[in-house]
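Here's the structure, in structure tokens; my notes come after.
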Amino acid sequence: MTPRAAILVPAYNEATVIGETLSRLTCDMRSGEFQIIVIANACHDDTAEIARKVAPDAVVLETKTPGKTNALRMGLDHVAAPVVVFLDADLGVDADAIRQLIAPLQAGGALASYGRMSIDLDGCSRSVRSFYEIWTRRPYLKDGKFGGLFAVARGALNRALPLPDLIADDEYFSRCFQPSEKAFVSNVEFVARAPRQLGDLFKVRKRSTRGTRELAAMGLSRPKTSGAGGRAAFVSEVIANPKLWADFLIYSGLKVAVRLSLVLEGRASGAGKWERDDSSRIVVSG
């Protein structure tokens, strides 16, 4: 039986979270329904071993070559399904969400699909909470988040292939499709753990900004939308609510600090860097 979808899970040193991710994903999954492909890239922990133990039916690949895009290329070579789901190893999502995510692609109404992201702020500092208080109000997130978890019809993957080495792989896939070709599945929600401290968040935002600039340099600009009105409403919302002003100062200050840091490091020396936050991968017991 051909699986309904292949789920690619690239993983770099994700031993603390991969078990939870796969356990939740497979707990109500029917036998043969999905093809799970875990790609442990340049790991020096037990990521692959844990993946095999928790999801014995999964294909678990290992490579000594680092890089998420290299891992995705490996995984794509093993796909045996009409739809490909891309899932970050540290996200929480169940099989029913996958079923709903791929439904528009199976019906032929879209070439790619994505859901809604919620932020787990448990254990985060006040400054991190302030940043996300503003960040989650941005118009960019009002209609979902194409990143962390999304699906692409296998027949449409040629838009993005061959997959280049880059930082913002999720955004790269998103920009390969027009808004009319992507379906936002509003009842699909995945949980992303926020960095615990402001310094950890700085690394994540710096990587994200660098990745976006890298795509722009490749000529892959974000499709034009009616975002101007949304940004105006966003600013008006903040101005009208004094309780948000302190949060907005932290949000804006971090954005300025990220841009200044990128200017100081220089484009050449910064190219290809992947700042990683490990604080959100620490499992707190009890």
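Residues in segment 127-155 that are under 25 Å from ALA80 (Cα atoms) and surrounded by fewer than 18 Cβ atoms within 10 Å (Cβ to Cβ): ARG154, GLY155. Here VAL191 fulfils each of the conditions (1) under 16 Å from SER221 (Cβ atoms); (2) in contact with an Asp or Glu (Cβ under 7 Å, 6 or more places away or on another chain); (3) aliphatic (A, V, I, L, M) apart from (1). Of all residues in segment 17-40, those satisfying the criterion of being over 17 Å from the mean Cα position of the chain (by Cα), polar (S, T, N, Q) and modelled with pLDDT of 95 or more are SER23, THR26, GLN35.
If the condition is being at pLDDT below 95 and either in contact with a Ser or Thr (Cβ under 6 Å, 6 or more places away or on another chain) or on the phi > 0 side of the Ramachandran plot (or both), then segment 43-69 contributes only GLY67. Reported count of residues in segment 18-59, each being surrounded by fewer than 22 Cβ atoms within 10 Å (Cβ to Cβ) and more than 19 Å from ASP96 (Cα to Cα), is 11.
When you check ASP88 against the structure, is it buried (at least 17 other Cβ atoms within 10 Å of the Cβ) and of a type in the set (D, E, K, R), yes or no? Criteria met by ASP88. The numbered conditions (1) closer than 22 Å to THR21 by Cβ; (2) among the charged types (D, E, K, R); (3) modelled with pLDDT of 95 or more are all true for LYS145 except (3). Just one of the numbered conditions (1) farther than 30 Å from LEU254 by Cα; (2) surrounded by 18 or more Cβ atoms within 10 Å (Cβ to Cβ); (3) among the aliphatic types (A, V, I, L, M); (4) touching a residue at least 40 places away in the same chain (Cβ under 8 Å) is not true of LEU161: (2). For segment 1-12, the count of residues that are assigned to a helix (DSSP H, G or I) and in contact with a strand residue (DSSP E or B) (Cβ under 6 Å, 6 or more places away or on another chain) is zero.
All conditions in (1) crowded, with 19+ Cβ neighbours inside 10 Å; (2) more than 15 Å from LEU141 (Cα to Cα); (3) touching a residue at least 60 places away in the same chain (Cβ under 8 Å) hold for ARG205, with the sole exception of (3).
What about VAL191, is it surrounded by fewer than 18 Cβ atoms within 10 Å (Cβ to Cβ), among the β-branched types (Val, Ile, Thr) and more than 30 Å from ALA110 (Cα to Cα)? It is false that VAL191 is surrounded by fewer than 18 Cβ atoms within 10 Å (Cβ to Cβ), among the β-branched types (Val, Ile, Thr) and more than 30 Å from ALA110 (Cα to Cα).
Assigned to a loop (DSSP other than H, G, I, E, B), at pLDDT 90 or above and not acidic (Asp, Glu): does that describe PRO223?
No, not satisfied.
Criterion first (in contact with a strand residue (DSSP E or B) (Cβ under 9 Å, 6 or more places away or on another chain) and not charged (D, E, K, R)) does PHE173 satisfy it? Considered against the rule, which asks whether it is in contact with a strand residue (DSSP E or B) (Cβ under 9 Å, 6 or more places away or on another chain) and not charged (D, E, K, R), PHE173 comes out as yes.
Of all residues in segment 100-108, none are crowded, with 21+ Cβ neighbours inside 10 Å, β-branched (Val, Ile, Thr) and touching a helix residue (DSSP H, G or I) at 6+ places or on another chain (Cβ under 8 Å).
Scanning segment 90-108 turns up at least one residue that is modelled with pLDDT of 95 or more, in contact with a Lys or Arg (Cβ under 7 Å, 6 or more places away or on another chain) and assigned to a helix (DSSP H, G or I). Kindly establish whether ALA51 is closer than 30 Å to GLN197 by Cα and in a helix (DSSP H, G or I). The answer is yes for ALA51.
Among the residues of segment 60-69, is any surrounded by fewer than 23 Cβ atoms within 10 Å (Cβ to Cβ), hydrophobic (A, V, I, L, M, F, W, C) and under 17 Å from the mean Cα position of the chain (by Cα)? No, that holds for no residue.
Screening the candidates GLY229, GLY211, GLY199 for the property of being modelled with pLDDT under 90, surrounded by fewer than 20 Cβ atoms within 10 Å (Cβ to Cβ) and part of a helix (DSSP H, G or I) yields one hit, GLY229.
I need a count of the residues in segment 13-36 that are assigned to a strand (DSSP E or B) and under 19 Å from GLY92 (Cβ atoms).
Within segment 13-36, residues that are assigned to a strand (DSSP E or B) and under 19 Å from GLY92 (Cβ atoms) number 2.
The values are calculated or read from the model by the stated rules, or taken from the named source; none is laboratory data. What you see is a predicted model; the values in this text were computed from it and never measured. Because the Cβ atoms are built from the backbone with ideal geometry, glycine has one as well, and the counts that use them run over all protein chains shown.
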